[in-house]
Amino acid sequence: MLKKKNLIFLGAPGAGKGTISNVLIAKYGVAHISTGDILRAEVAKGTPAGKEAAVIMKAGKLVPDELVCSMVKNRLAEPDCEKGFILDGFPRTIPQADRLAAVLAELGKEIDYAIYLKVEDEVLLQRLTARLNCRGCDAIYNKLFMPPKTEGICDKCGSELFQRADDSLETAKNRLSVFHQQTQPLIDYYEQRGLLYTCKSTGKDAIVAELAGILE
Ligand code: ADP
Ligand code: ZN
């Protein structure tokens with residue numbers, strides 16, 4: 001059904017990687033690999049990796065390449081990735097991208113597209129500081145732009161909504177500057193490899209429709 005099934009989502013924090021990923025995994029049945037979600041689960045479980053990551057994430061910095069790369073390597077080897085996968089929030093540095101290429105070669109897989117969701121910084125900050133996440137499922141809301149039907153409650157599962165610790169204004173600003181310094185170079189990296197697709201649309205439904213055009 002899908003012609004292009006192994007995808008990377010590139011974009012600043014708040015660009016909509018998680019929101020669009022959620023739609024595509026429901027629509028196409030591909031696996032969702034969000035390093036942010038995996039790290040937050042480790043933090044919640046209080047594992048040694050989670051303890052190391054918690055402080056770094058709270059400051060809006062990147063956790064060490066080694067830590068995320070080994071998590072992604074294990075995840076990509078799981079059987080559900082055969083149907084295709086979306087890497088959401090990984091790679092975020094050039095060394096991570098090089099490491100990903102090596103891991104995929106070992107597994108006999110390749111990336112079909114690195115999809116760039118381009119959004120202005122001003123909009124990103126507004127979105128991040130108004131973002132709400134669900135405690136019970138993957139749903140993401142926004143107090144200003146995508147509010148839940150009942151304040152503070154998830155439409156999908158009825159659980160409580162919360163604000164991520166790193167969505168405060170100060171940390172969000174740090175995350176944007178980390179994006180510009182460390183992740184933006186990946187746009188050229190994937191362009192040079194002929195894999196970059198920059199999304200022209202804005203808004204969830206328009207983006208999903210545009211992507212259907214290149215993926216199906
Ligand atoms: P967002 O894209 O909204 O910033 P994520 O959930 O992708 O949020 O990431 C949250 C935090 O987790 C990041 O600020 C960073 O500290 C850490 N993180 C996630 N993915 C990576 C990665 N690939 N490399 C290093 N740190 C990461
Ligand atoms: Zn929910």
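Structural remarks
- Sequence-distant residues sharing a close amide H with Lys118 (under 5 Å, placed H): Cys199
- The mean accessible area for residues of the chain, using a 1.4 Å probe and ignoring ligands and nucleic acids, is 50 Å² per residue.
- Area accessible to solvent at Cys199, 1.4 Å probe radius, in Å²: 10
- For peptides 140-147, 10-17, 77-84, sequence by mean Cβ density within 10 Å, most packed first: 10-17, 140-147, 77-84
- Mean projected area in nm² (Cα convex hull; one quarter of hull surface) for the chain: 11.4
- DSSP beta bridges in the chain [antiparallel fraction, %, rounded to 5]: 30
The values are calculated or read from the model by the stated rules, or taken from the named source; none is laboratory data. Every value quoted in this text rests on a predicted model; they were computed, and no experiment measured them. Positions of Cβ are generated from backbone atoms using ideal geometry, with glycine treated the same way; all protein chains shown enter the neighbour counts. The accessibility values were calculated without ligands, DNA or RNA, using every heavy atom of the protein model including side chains. Shrake-Rupley method; radii C 1.70, N 1.55, O 1.52, S 1.80 Å.
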